[in-house]
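In what follows, a single structure is set out as structure tokens and then discussed.
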Amino acid sequence: MDERAGWEAVGDWYHAWFTGTVLTAVSRRGPADAAELVFRVFRRQQQQTFLAGLAKLGIDHLPPAVAAARYHYLSNFIGGVGVEYVEESPRKAWIRYPPPRWIWPGTTICGIPSEVNAAMLRGWHANNGVLLGRLGLGFVCTGQTVDGDPGLEGYYVEHDRDLDEQERLRFTRDERMPRFDPAKAPKLPVLDWPVERIAKAKRAYAMEYARTVMQEAVALWGAGPGGALLGHAARLVGMQHVHATAAALGATDFPDFMVAMAAAEGDVAHAARQRDGSATITRGALPLFRGLAADDPAMQAAWNELMVGALAAWDRFTRLERMGPLEWRLAPVEA
């Protein structure tokens, strides 16, 4: 298996679970609940990563509007997301996410209501000034792809007064971002960000969305309903994506698939095959649960549905039994 191809496959797999969870929330709980979920995901990620990310990228000394916009440009670039940047002045800087949108890939975007997309901006962009201690910093959204605009775009602007909470995010349709010039865009230090580090960062970027949506779905709706929604989305994603993911990983049977997935996630796994056609798969850890309670029953059950769905599409006459937190048994059943 090509390592980088494996990292990319894992990123796509968990990205699909994130978007599938949001779409399931839209269809089963309605746009308002889905918007609240997305808001919480992006607010949690912003609080955990924004300030540390500014320092890591070496841009924490810049004016607030410029620092905020450059953060989005550089961090999304690292994550493999298409993004553009234009700096008008020290107090005004634009960002734009052109289509195709990474966050809502393919036809997924057709199922995302405007309020759900806007919840991203409420959760993160509107709160950057708060974390920076500059309450005059706001974000103006000038277009949303889900509304038919040619990209999600807007600008950070620093006002001469503090903004109330409802003023920190504003929408307008009579402004457009100037043309993007890649030659003038911020650059990552080549020595600090070699190709391998960027490739791993792309995998981590997608996995962080899945990790966060697990936490927030359970926190928002409880272990029962939240876990069930996560699990339903996971089963569907597993069924839909297993063959393409297995091909990218070079897996030829399902035990190989589970072992290859673990390796591509940064884990170690082993498959013990038996004469009766069964197999036991053991893993060393679940990297997705890093920093979480790995034995959380609702989250564990939801993650397990990824493999249940994948196996259902691979061979519906084989069942997957979870023998322990990091051990599974594959056993054939009679047709």
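How far is it, in nm, from the label point at Glu165 to the one at Thr108 when both lie 7 Å from their Cα along the line to the Cβ?
Inter-label distance under the simple model: 2.9 nm.
If each residue's Cβ is checked for other Cβ atoms within 10 Å, how do Lys92, Lys187 rank with the fewest at the top?
Neighbour counts put them in this order, fewest first: Lys187, Lys92.
Of Pro189, Pro64, Pro31, which has the largest mean-square fluctuation in a 10 Å C-alpha GNM of the chain?
Pro189
Using a Gaussian network model of the chain whose springs link C-alpha atoms within less than 10 Å, name the residue from Thr49, Thr21, Thr108 with the highest mean-square fluctuation.
Its mean-square fluctuation being the largest, the pick is Thr49.
What ranking do Asp192, Asp12 get, fewest neighbouring Cβ atoms within 10 angstrom at the top?
Final ranking by Cβ density, sparse to dense: Asp192, Asp12.
In whole Hz, what ³J(HN,Hα) sequence does region 164-171 give by Karplus (6.51, -1.76, 1.60; θ = phi - 60°), x for Gly and Pro?
Along region 164-171, the couplings run 5, 4, 6, 8, 6, 10, 10, 10 Hz.
Given H placed on each backbone N at 1.01 Å, which residues far from Gly154 in sequence or on other chains put an amide H within less than 5 Å of it?
Ile95, Thr142
Given springs between every Cα pair under 10 Å in a Gaussian network model of the chain, which of Trp17, Trp104, Trp314 has the largest fluctuation?
Taking springs between Cα atoms under 10 Å, the residue moving most is Trp314.
Provide Tyr73, Tyr209 in ascending order of the number of other Cβ atoms located within 10 Å of each residue's Cβ, fewest first.
Tyr209, Tyr73
Just to be sure I understand the rule: take each whole DSSP H helix in the chain, project its Cα atoms onto its long axis, keep it if the span is 30 Å or more and its mean Kyte-Doolittle hydropathy is at least -0.5. Which ones pass?
Span-like helices here: 3-29, 31-56, 195-221, 223-249.
Read the figures in this text as sums done on the coordinates, not as results from a lab. Every value quoted in this text rests on a predicted model; they were computed, and no experiment measured them. Note that we place each Cβ from the backbone using ideal geometry, even for glycine, and neighbour counts take in every protein chain shown.
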